[in-house]
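The structure appears right after this line, and notes come after that.
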Amino acid sequence: MTAFTETTCPYCGVGCGIRVDQQGAVQGDKRHPANRGALCVKGTALTESQRLPSRLLYPRIKGKEVDWPAAIEHIALRLNDIIEQHGPEAVAFYGSGQMLTEDYYVANKLMKGFIGSANIDTNSRLCMSSAVAAHQYAFGEDAVPACYDDIDEAELVVIAGANTAWTHPVLFRRLEAARAAKPRQQWVVIDPRATATARQADLHLAITPGSDLALFNGLARYLLDQGAIDRDFVTRHVAGLDELRQQLSAPEFAPEQVADTTGLSLERLLHFYRLFQAHPQTLTLFCMGINQSLQGTHNAGAIINCHLLTGRIGKPGAAPFSLTGQPNAMGGREVGGLANQLAAHMDFAPANRDRVARFWGTERLAQGPGHKAMDMMAALERGEIKALWVMGTNPAVSLPDSARARRALARCELLIVSDISPATDTARLADVLLPAAGWGEKDGTVTNSTRIISRQRPFRAAPGAAKPDWWALCQVARAMGFTGAFDFDSPAAIFREHAALSGFENRGERLFNLGALGTLSDADYDALHPLSWPLAGQHGGPARLFADGRFATADGRARLRTAAPQAGPGTRALLLNTGRLRDQWHTMSRTGHVARLMAAATEPRAHLHPDTLARLGLGQNDLLALSNARASILVRPVADDDMAREQVFVPMHWSGEFSAGGRVNDLTEARGCALSGQPAFKQSQVQ
Ligand code: SF4
């Protein structure tokens, strides 16, 4: 009989279950609730992507191979020296939604609990933080209310700022199956581009980029004007109606004005509004187009407002549904791996600081939020942060204004990079490189978009001296003198402590409570089946949240977010939009080495409307320089009927490892949502 290892795909927030046999052949896990056996092309190519041309096998200091004890001693001495000279705020950590929850937990404990700085942020800041801020405000906690079964139940599916067909392919297949089984289900897709997702919509709204807020504020105004809100639900479960109603009475939220702002015809706009009004079972999926905006938190909040006003939450087929970009962005949020969170869904309120300090047994706990990703780069640039540990991500390419980020990283007195590859643009800048165990070699848990915790299990030994990230963090912590708190000998031991902290003095104030798993045996941890939180009975909890209309705020009522005005579009030559391709992942450090994944797009191309190309006098084999005050990149253009005339789309993936001239984030602006700190990747201007 063939033996399989059951594990989880590391590429996106759908969190597909995978079975890998002893020969490395991959198949979808039919029993996993996230994918029921389906996999996309990236998932099926997973073991191929493990064959990197240059795998980092041994620690390196300034390019010279050393053994682990030497690397750990060097890092600990340098970090202690920097802390002694400049204080704990001179140290920072930048992690990734690729890290397992156990890695994240140890990194957060080391930084916030023992180094004493909250300068720990993650690339989840780049994809989810606006949704996080909107959830925290509206629901009192960062909790996605929906579950995948809602897709099957919905009568109307609204997809805003997401090319789900390419970026969450297995989820999209479930959407297709739901519509096939329920032909009356309708789809509205809101996207400036006519993407693969938009082309399958019953109604595609190609709005002016950045006008999402006007669209959803206008929808709330329309619902109020039509008397189409669920008055009983709002009266009992929602706060802030009078203030919102008063704000939305301003002329800018009237349909005619919203049509003008969004660039839609009034007829098309009202068609959408009437569809929303008519379907109590509405599911609104949203992703980067909503979150990566100067008004990202307000965008997400405006969507949530429309669901709260109509009572479309906690019911089958009815919820706002933030799609997570990364496999473990959610797990990172759960441990507190963002600079503005403390731990286990707690913020820095004095009572939380006291509770966490007692649990960890530390007197050095960080006293308040630290630098978020873009602020972290600015602090590096100013020389305030002297040491940075980057784990499992490539900020030299993925941060906005990335040429500036590379200069800031190069300024660092001590840049430590943990990765599987020495070839990323960030790894090339490192003073110390640490070889990490990769997917299929490491062991731990991840949480997907719908709060399902799944195991990632190893099925092969890590090559060379590569080690799990939690192990490297614990070794450094102990060498720095933090004895006793980092004696973990397995991911199971870390998970137990993480679970216990989430349940510590948590009498129901926080939904995120894994306390019942705090005594899990090693064997039970190893055998853990996918389960979603909040836990109930023998662990597996209700998949859908807020069914009782009770939220996690102090008074149990959800809060409507005030209706911020839509920011003006500004002047522009071309508006630059960035995003993902179907077959690529992040900065391609794994997928870029798989020939069949590279086949669909071998180089970065700038997508422009044919008329725009003609106006520029360019053919598809010419080279196009896209420039602004920050940088210039050189790419070949491609005529694309799906583009609006004033816009250009360039994929986000290419790094210096694959195309020296195609790093699109050299052009994007290091500016974003003031509330969440998420960069506005989709709102830069170029010539
Ligand atoms: Fe992996 Fe996402 Fe594809 Fe599923 S949909 S196989 S999680 S990349």
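What do you reckon, is Pro422 in contact (Cβ under 8 Å) with a residue 40 or more places away in the chain, outside any helix (DSSP H, G or I) and within 19 Å of His593 (Cβ to Cβ)? Judged against the criteria, Pro422 is a match. Filtering Leu308, Leu294 for residues that are out of contact with any Ser or Thr (no Cβ under 7 Å at 6 or more places or on another chain) and part of a loop (DSSP other than H, G, I, E, B) leaves a single hit, Leu294.
Say whether the condition of being within 16 Å of the ligand (Cβ to nearest atom), of a type outside the set (Phe, Trp, Tyr) and either crowded, with 21+ Cβ neighbours inside 10 Å or outside the structural domain of Gln647 (by TED's automatic domain parsing) (or both) is met by at least one residue in the stretch 197-206. Checked against the condition, which is being within 16 Å of the ligand (Cβ to nearest atom), of a type outside the set (Phe, Trp, Tyr) and either crowded, with 21+ Cβ neighbours inside 10 Å or outside the structural domain of Gln647 (by TED's automatic domain parsing) (or both), the stretch 197-206 yields at least one hit.
Given the structure, is Pro209 surrounded by 23 or more Cβ atoms within 10 Å (Cβ to Cβ), of a type outside the set (A, V, I, L, M) and at pLDDT below 95? Reasoning before the result, please.
Working: surrounded by 23 or more Cβ atoms within 10 Å (Cβ to Cβ): yes; of a type outside the set (A, V, I, L, M): yes; at pLDDT below 95: yes.
So Pro209 fits the description; yes.
For the stretch 494-511, the count of residues that are in contact with a Cys (Cβ under 8 Å, 6 or more places away or on another chain) and not basic (Lys, Arg) is zero.
Taking the condition of being within 7 Å of the ligand (Cβ to nearest atom) and in contact with a Ser or Thr (Cβ under 7 Å, 6 or more places away or on another chain), how many residues in the stretch 17-46 meet it?
Of the residues in the stretch 17-46, the ones within 7 Å of the ligand (Cβ to nearest atom) are 35, 39-40, 42-43.
This time we only want the ones that are in contact with a Ser or Thr (Cβ under 7 Å, 6 or more places away or on another chain), so: 42.
The qualifying residues number 1.
From the list Ala344, Ala318, Ala403, Ala329, the lone residue that is of a type in the set (Gly, Ala, Ser) and surrounded by fewer than 24 Cβ atoms within 10 Å (Cβ to Cβ) is Ala403.
All of Gly662, Gly677, Gly672, Gly656 fail the test of being in the same structural domain as Thr587 (by TED's automatic domain parsing) and on the phi > 0 side of the Ramachandran plot, apart from Gly677. Taken over the stretch 594-634, the criterion of being assigned to a strand (DSSP E or B) and more than 14 Å from Asn577 (Cβ to Cβ) is satisfied by Leu624, Ala625, Ser627, Ser632, Ile633, Leu634. The residues listed here are Ala138, Ala206, Ala196, Ala165; of these, the one that is within 24 Å of Pro280 (Cβ to Cβ) and of a type outside the set (D, E, K, R) is Ala138. Taking residues in the stretch 447-470 that are within 16 Å of the ligand (Cβ to nearest atom) and aliphatic (A, V, I, L, M), and partners anywhere that are assigned to a strand (DSSP E or B) and modelled with pLDDT of 95 or more, the pairs with Cβ atoms closer than 8 Å and at least 6 places apart or on different chains are Ile453/Thr445; Ile453/Val446; Ile453/Thr447. Which residues, counting only those in the stretch 41-96, are in a loop (DSSP other than H, G, I, E, B) and touching a Gly at 6+ places or on another chain (Cβ under 6 Å)? Across the stretch 41-96, the qualifying residues are Thr47, Leu57, Tyr58, Ser96. One residue stands out among those in the stretch 496-537 that are under 12 Å from Phe359 (Cβ atoms) and charged (D, E, K, R): the one that is farthest from the chain's Cα centre (by Cα), which is Glu505. Considering only residues in the stretch 306-334 that are of a type in the set (S, T, N, Q) and closer than 21 Å to Cys127 by Cα, the one that is modelled with the lowest pLDDT turns out to be Gln326. Among residues of the stretch 168-179 that are touching a residue at least 40 places away in the same chain (Cβ under 8 Å) and farther than 18 Å from Ala198 by Cβ, those with a Cβ under 9 angstrom from a residue that is near the ligand (Cβ under 7 Å from one of its atoms) and in a helix (DSSP H, G or I), sequence gap 6+ or separate chain, pair up as Val170/Gly43.
Can you go through Gly337, Gly301 and tell me which one is within 14 Å of Ser124 (Cβ to Cβ) and crowded, with 24+ Cβ neighbours inside 10 Å?
Working: Gly301 fails: within 14 Å of Ser124 (Cβ to Cβ).
When all the criteria are applied, what remains is Gly337.
Candidates Pro422, Pro395: the one that is closer than 21 Å to Ser659 by Cα and surrounded by fewer than 24 Cβ atoms within 10 Å (Cβ to Cβ) is Pro422. Considering (1) under 15 Å from Ser449 (Cβ atoms); (2) in a helix (DSSP H, G or I), the lone condition that Thr324 does not fulfil carries the number (2). Per the listing Leu52, Leu39, the residue uniquely more than 22 Å from the chain's Cα centre (by Cα) and in contact (Cβ under 8 Å) with a residue 24 or more places away in the chain is Leu52.
Across the stretch 270-291, the number of residues qualifying as part of a helix (DSSP H, G or I) and closer than 20 Å to Ala674 by Cα comes to 4. Exactly one residue among Ala90, Ala165 is at pLDDT 95 or above, within 16 Å of the ligand (Cβ to nearest atom) and surrounded by fewer than 24 Cβ atoms within 10 Å (Cβ to Cβ), and that residue is Ala165.
Which of the following residues is within 23 Å of Gly325 (Cβ to Cβ) and either surrounded by 24 or more Cβ atoms within 10 Å (Cβ to Cβ) or modelled with pLDDT of 95 or more (or both): Gly464, Gly438? Steps first, please.
On the way: Gly464 fails: within 23 Å of Gly325 (Cβ to Cβ).
Only one candidate passes the filter, namely Gly438.
Gly518 meets the conditions (1) among the small types (Gly, Ala, Ser); (2) in contact (Cβ under 8 Å) with a residue 40 or more places away in the chain; (3) surrounded by fewer than 18 Cβ atoms within 10 Å (Cβ to Cβ); (4) in contact with a Gly (Cβ under 9 Å, 6 or more places away or on another chain) in every case but one. The failed one is (2).
Phe488 meets all of the listed conditions (1) at pLDDT 95 or above; (2) under 27 Å from the mean Cα position of the chain (by Cα) but one, namely (2).
The values are calculated or read from the model by the stated rules, or taken from the named source; none is laboratory data. Small disclaimer: the values here were computed from a predicted structure and weren't measured. For neighbour counting, all protein chains shown are included, and Cβ atoms are generated from backbone atoms with ideal geometry for every residue, glycine included.
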